[in-house]
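For reference, the structure discussed in these notes is given below.
The values are calculated or read from the model by the stated rules, or taken from the named source; none is laboratory data. Since the model is a prediction, treat every value here as computed from it, not as a measurement. In this analysis, Cβ positions are derived from the backbone assuming ideal geometry, glycine residues included, and neighbour counts consider all displayed protein chains.
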Amino acid sequence: MKHRLLAGTAFILSLFLNFCSSQTYFLNDKEGLGRVFDGIGGLSGGGATSRLLVNYAEPYRSQILDFLFKPNFGASLQILKVEIGGDAQSTDGTESSHMHYEDDENYFRGYEWWLMKEAKKRNPDITLIGLPWAFPGWVGHGKNWPYDFPDITAAYVVNWIIGAKQYHNLDIQYIGIWNERNFDSKYIKLLRYTLDKSGLEGVKIVASDNLWEPIVLSLLLDPELSRAVDVIGAHYPGTTTVIEALKSQKKLWSSEDYSTFNNEVGGGCWARILNQNYINGFMTATISWNLVASYYKELPFSRDGLMTAEEPWSGNYVVESPIWITAHTTQFTHPGWTYLQTVGHLAQGGSYVALTDREGNLTVVIETMTHNHSMCIRPPLPPFNVTSQNATFQLEGSFVSSSKVFHIMFKPSFFEKLTPLKLLDGSFNLHLDVDEVYTLTTIKTGEKGSYPDPPPAAPFPKVYKDNFNVRNPPFSEAPNFADQTGVFEYYMNLTDPGPHLFTFRQVVTARPVTWVADADQTISIIGDYQWQNLTITCDIFMESVKTGGAFIAARVDKGGESIRSTKGVFFWVFADGTYKVTNDLAGKTVLAEGQSGTRAYGWCTLSLTVEGQFASGQLNGYPLWKNAVVLTPKNGWAAIGTHSFELAQFDNFAVVAE
């Protein structure tokens, strides 16, 4: 995008090129107003997308949060949507549930509680939304379907809402059903009943966080279901809706959108859909997946956040263009403002929206994004043309005022408050270049927030150790470990502590109700994807006598939704006294195997060394196998994990890489 500034005390004559060819657009409220604006937001989760953010040291962590949530500073987000952790892979990792087991409740696991509190601290008016991607296995009673036991599922979700208030003083305003999966009308009605019975009448339901249809058809045919649902939320709608959604008279939201690499094309995608979601589809809220790209960059959908924060070890982060694209709207509007009916497309391509508040303030946002500069990852974008043009905007109705003054914000990279611009006979004229964003507003606030440059980017440390004795409050996970299947948490071993009082424990003991295909083994990755030659050491304690098994691994080459097919060098020991070295997580390609003498309920120390095409392993300091031939992969993360969904503990993890 080109970046320019506009300044002046009245109309700047250089802008008024060729008056007679200028297309006129009217901004008025003579025939009433449009729909009420509900805000712009970001989604944390839907795949552990904020996993690395919590590990940033201060002041960098607070700076990142300010760019996301602080009003009149950066993106100034008005909505925060979070995943209700379900112990299962949900795109880039797993998020911990508040109820791993039926008789277990803990509202301090994970990092979404912390994130919601930090957002609320900066913006007390921010809207909070929760949505499940997966559920612990006990919710489905062994079936991969939560609706077979709707009363259990509803109680599980409502407990999360109650816990948010009871333990964190967080008011969840909206709750979803099941991300991008079929809905069940009976469950939605029961959820509404359970909310009301629990004193949560004010919590509203969003459905179905998938496609417009078939939920809109069901709402039109089922009055009871229609009364239960407050908002129809669609994912990646391509800025359009369906006639049945309009007939429902419900709020329409793009409840997940964008999902695009956050370079300037991604910024253009975001600018286009923020305007056109309302113009084309009457959607009054748009929520970005994801909030912040804070996960290992080699995982799926790298840098699909509004900004990038993927190096807590260095402190480096990058404020990307979507932050300032967002600010063009959020810093000059608020939820509760109302769209004018006079919004639409520009004659030579692009679009404009206008919003007003009860005090008569007016904000106009114009975008002129070209096709190749605004392609989102989905859905496909049909061809269209945008050319530079002149536009005259004529104010009518209650907006006609000789004292009306506009402050113009140009282009996200500068985003500076400029000298006020007075209207001329109730109108203003602009020359609009392509791939630009213009905000004209009567609001006097607005600021391009800034901090000193963060530290430069740097690779993950080549020498890394964690004995899990120094905890990372208020989080349940050890820094930099990114769970891909299963959940690994800090644990205090009181039964037989010895030198292993504080450990890192895999705690999921049953396959969850999954969103994607979790691996049959649990695994947590860490480190630098470029690591090739290294030594990994870790103490392991298996807690399953019959099927117990655990591993350390190097050169792990896949994560996220591809975790089942990941390859690497996996050094396994089992409770039956054997060991195995495999070239894949599934254990199908065996490089070495034999007797180890390992047993459950006894600590052992594994050491794995990989150099070039050869790998060797030690058990308790003695060579167990050596010179296994490893042809692929050539590089990847380090990892720990278990043979199945079983309890196991890890301690004194260390990596030394070349």
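Here is how the numbers come out for the structure above:
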quantity	calculated
The one condition in (1) surrounded by fewer than 17 Cβ atoms within 10 Å (Cβ to Cβ); (2) part of a loop (DSSP other than H, G, I, E, B) that residue 645 fails to fulfil	(1)
So residue 368, is it under 19 Å from residue 240 (Cα atoms), touching a Gly at 6+ places or on another chain (Cβ under 7 Å), touching a residue at least 24 places away in the same chain (Cβ under 8 Å) and among the hydroxyl-bearing types (Ser, Thr, Tyr)	yes
Selection within the range 261-275 - part of a helix (DSSP H, G or I) and of a type in the set (Phe, Trp, Tyr)	270
Residue within the range 396-411 that is of a type in the set (Asp, Glu) and under 30 Å from the mean Cα position of the chain (by Cα) present	no
Hey, residue 263 at pLDDT 95 or above, in the same structural domain as residue 216 (by TED's automatic domain parsing), under 16 Å from residue 324 (Cβ atoms) and surrounded by fewer than 19 Cβ atoms within 10 Å (Cβ to Cβ) or not	yes
3 or more residues charged (D, E, K, R) and surrounded by fewer than 18 Cβ atoms within 10 Å (Cβ to Cβ): qualifying helices (runs of 4 or more DSSP H) within the range 146-232	185-197
Strands (runs of 3 or more DSSP E) contained in the range 18-76 and holding at least 2 residues of a type in the set (A, V, I, L, M) and surrounded by 24 or more Cβ atoms within 10 Å (Cβ to Cβ)	39-44
In the range 151-186, the residues that are of a type in the set (Gly, Ala, Ser) and more than 14 Å from residue 105 (Cα to Cα)	154, 176, 185
Count - residues of the range 430-458 that are part of a strand (DSSP E or B) and crowded, with 18+ Cβ neighbours inside 10 Å	7
Condition broken by residue 374, with the remaining ones in (1) at pLDDT 95 or above; (2) touching a Pro at 6+ places or on another chain (Cβ under 8 Å) satisfied	(2)
Residue in the range 321-329 that is outside any loop (DSSP other than H, G, I, E, B) and surrounded by fewer than 21 Cβ atoms within 10 Å (Cβ to Cβ) present	no
Counted residues, the range 396-439 - those being at pLDDT 90 or above and under 18 Å from residue 72 (Cβ atoms)	2
Scope the range 249-260; condition part of a strand (DSSP E or B), of a type outside the set (A, V, I, L, M) and buried (at least 23 other Cβ atoms within 10 Å of the Cβ); matching residues	253, 254, 255, 256, 257, 258
Selected residue (only one of 299, 246 is of a type outside the set (D, E, K, R) and surrounded by fewer than 22 Cβ atoms within 10 Å (Cβ to Cβ))	246
